[in-house]
Amino acid sequence: MDKVFVSVSHVQKRYARGLRKKVRVLEDVSFELRLGCVTGLLGASGSGKSTLARLLLGLEKPDGGRILIEGQELRAWRAANRGGMAVVFQDYVTSVNPVFTVEECVAEGLEACGKRNGEDSPCVAELLARVGLAESLADRRCLELSGGQIQRVCLARAFASRPRLLVLDEALSSLDVSLQAGMAELLRGQAKDMACLFITHDIQLASLICERILVLDQGKITDNVPTEALFAESGAHLSPALREMLDCTMVFCSRFEDEGHGA
Amino acid sequence: MRRARGIWRALWRNKVGMASLIFLCLVLAAGLFAPLLSAHDPLAVDMKNRLGPCTAEHLLGTDSLGRDILARLLYGARTSMGLALCVMLATVGIGSLLGLAAGTFRGLFDSLVMRVTEVLMSFPSEVLVLALVGMAGPGMENAFWACVLCRWPWYARVARSLTLGFRDMNYVAYARVAGFSRTHILVRHILPCASGEIAVLATLDCASVLLMISALSFLGLGVQPPVPEWGTMLGEAREVMILHPWQMLPPGLAILLVVAAFNFLGDALRDALDPWRTLPQPGERP
Ligand SMILES: Nc1ncnc2c1ncn2[C@@H]1O[C@H](COP(=O)(O)OP(=O)(O)O)[C@@H](O)[C@H]1O
Ligand SMILES: [Mg+2]
């Protein structure tokens, strides 16, 4: 619980815009992820959350700073720990190979950690059941499913390899509220021996799932607080960005209570 | 397996495509079983019976050296289609392998392959083929290699750009994150997706290779007489064109029909692959 698993220090990322101009998406981002802890990453749309996720997964290289996992360079760790990382992307349409069946897709996650479907538990059917998908979907083509179903196939695939680092980029965004609650429970159950970065713009969902909250604003981490701090009476130590998010949620909640739904 | 069956069913429904496929298979079979279908030797010269009319003995008549035209047409299918298919297989093989590898591994190898293709593609390919065969000397083998050398760059570029397109897909990103090797990703994700597009291209390309081979033979640079080949036959018929124009008809029609059939089949294949399109179409999702 206490050991640092992933350490991100002073990471920068720029993208070229046009020939000479460069935009800084991330400047000087530092934080740590610990095993057994779900860390929420909040931020407005366009604040660089997905970019940070891609850096953390080794899909892109940072322009400055470094990312270490268990003290090793990211790519070296990834090569040594097959199936040790998993991800569910925000854009689910391209997240599954359109010619694969659901079973093939989830089996890829099993294969990542050297297992085969039907050999070891858990098998594909069980993994599907865990995310609330019927076994009868197993031989349907991924392309034929709805957005929420695809997203759950991706979740099943990610859980299949029992990753130690899991990155969920808006992974629950196209699920309905009751499914979100179910997935939140599932995630908390799985979280014991993995470090999870849960990216979302939904502060309520984040406070339901995460133990720590990071807020990314204009390329910098503005808050790195335990979730309880959000509900503390004096929010003086919270950044303006986070406080605005909280206020907007409060407006919604008070309306909910005013209309007579509350206690 | 599922995918193959789905494509086959879609192709089955396309009447023109199916007819083309059957026609091409028949032509290939006719070439393979030519000795059974024709009693005549395609090389047997009979000077007494030159430019003969259609009779029960010689169904399509005889040519300027008294050889049976039907027999030459059947044996010619072997050479023409065989050569075209070989050229196509070699170009597709070399081209898409290099292209896929270039797109997957990038770096120095990629730039090297791409610069070579750019040089080769900066000449019109017909002119380049003529020049190469002219330098190496006429003959079937030289024509084969010249065609392969001039055509693989197209496949390499298509395969590379397909690979680069798929590389940005999130399912490839997932596989990379999960720690699968590049070769595994290439074989597992990219090859099955790219192979459909390449198959369409190859079928359409068969038509133009056949035309190219026939044109070379017609000019006397490809298959050498007396070996029967449709282009060579056309070239020989040209010498007596003024007085006996119908001599052009059998080889000319054979080339026309086979080229058309390849084109129709290519289009049908493209349509059949459509529901299995590997790149998600915009607006397909709610
Ligand atoms: N490949 C890229 N090339 C150029 N700019 C990019 C690229 N990816 C992201 N960006 C820019 O980086 C910023 C942050 O994007 P992103 O990380 O997707 O934000 P978020 O996920 O928080 O909504 C955006 O302004 C976007 O335009
Ligand atoms: Mg995003």
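The values are calculated or read from the model by the stated rules, or taken from the named source; none is laboratory data. All figures in this text were calculated on a predicted structure; none of them were measured in a lab. With ideal geometry, Cβ positions are generated from the backbone for all residues, glycine too; neighbour counts draw on all protein chains shown.
Quick rundown of the values:
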| read-out | value |
| --- | --- |
| Residue that is farthest from A:Leu214 (Cα to Cα) [pool: residues in region A:169-187 that are touching a residue at least 40 places away in the same chain (Cβ under 8 Å) and within 16 Å of ligand 2 (Cβ to nearest atom)] | A:Ser174 |
| Members of region A:165-175 found to be closer than 22 Å to A:Asn81 by Cα and within 12 Å of chain B (Cβ to nearest Cβ), listed by number | A:Leu165, A:Leu166, A:Val167, A:Asp169 |
| Some residue of region A:88-105 being within 14 Å of another protein chain (Cβ to nearest Cβ), more than 16 Å from ligand 1 (Cβ to nearest atom), out of contact with any His (no Cβ under 8 Å at 6 or more places or on another chain) and without any contact (Cβ under 8 Å) to a residue 40 or more places away in the chain | yes |
| Options B:Gly196, B:Gly266, B:Gly235, B:Gly179: the member that is closer than 30 Å to A:Glu60 by Cβ, touching a residue at least 12 places away in the same chain (Cβ under 8 Å), in contact with a helix residue (DSSP H, G or I) (Cβ under 8 Å, 6 or more places away or on another chain) and not aliphatic (A, V, I, L, M) | B:Gly196 |
| Residues of region B:165-195 satisfying the condition of being small (Gly, Ala, Ser) and more than 9 Å from every other protein chain (Cβ to nearest Cβ) | B:Gly165, B:Ser181, B:Ala194, B:Ser195 |
| Residues satisfying the stated conditions in region A:15-51, i.e. basic (Lys, Arg) and either within 16 Å of ligand 2 (Cβ to nearest atom) or at pLDDT below 90 (or both) | A:Arg17, A:Arg20, A:Lys21, A:Lys22, A:Arg24, A:Lys49 |
| Any hit, region A:37-60, residues being free of Cβ contacts under 8 Å to residues at least 40 places away in the same chain and touching a helix residue (DSSP H, G or I) at 6+ places or on another chain (Cβ under 6 Å) | yes |
| Selection from region A:7-49 of residues that are of a type in the set (Ser, Thr, Tyr), within 13 Å of ligand 1 (Cβ to nearest atom) and surrounded by fewer than 20 Cβ atoms within 10 Å (Cβ to Cβ) | A:Tyr15, A:Ser45 |
| Selection within region B:31-50 - under 25 Å from B:Ala207 (Cα atoms), more than 18 Å from the chain's Cα centre (by Cα) and small (Gly, Ala, Ser) | B:Ala34 |
| Test set (1) surrounded by 21 or more Cβ atoms within 10 Å (Cβ to Cβ); (2) more than 16 Å from ligand 2 (Cβ to nearest atom); (3) outside the structural domain of A:His201 (by TED's automatic domain parsing) - A:Trp77 fails condition number | (3) |
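Okay, residues lined up against (1) of a type in the set (Phe, Trp, Tyr); (2) at positive phi; (3) not in a helix (DSSP H, G or I):
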| position | (1), (2), (3) |
| --- | --- |
| B:Leu97 | no, no, no |
| B:Leu108 | no, no, no |
| B:Ser111 | no, no, no |
| B:Glu126 | no, no, no |
| B:Pro138 | no, no, yes |
| B:Leu149 | no, no, no |
| B:Trp152 | yes, no, no |
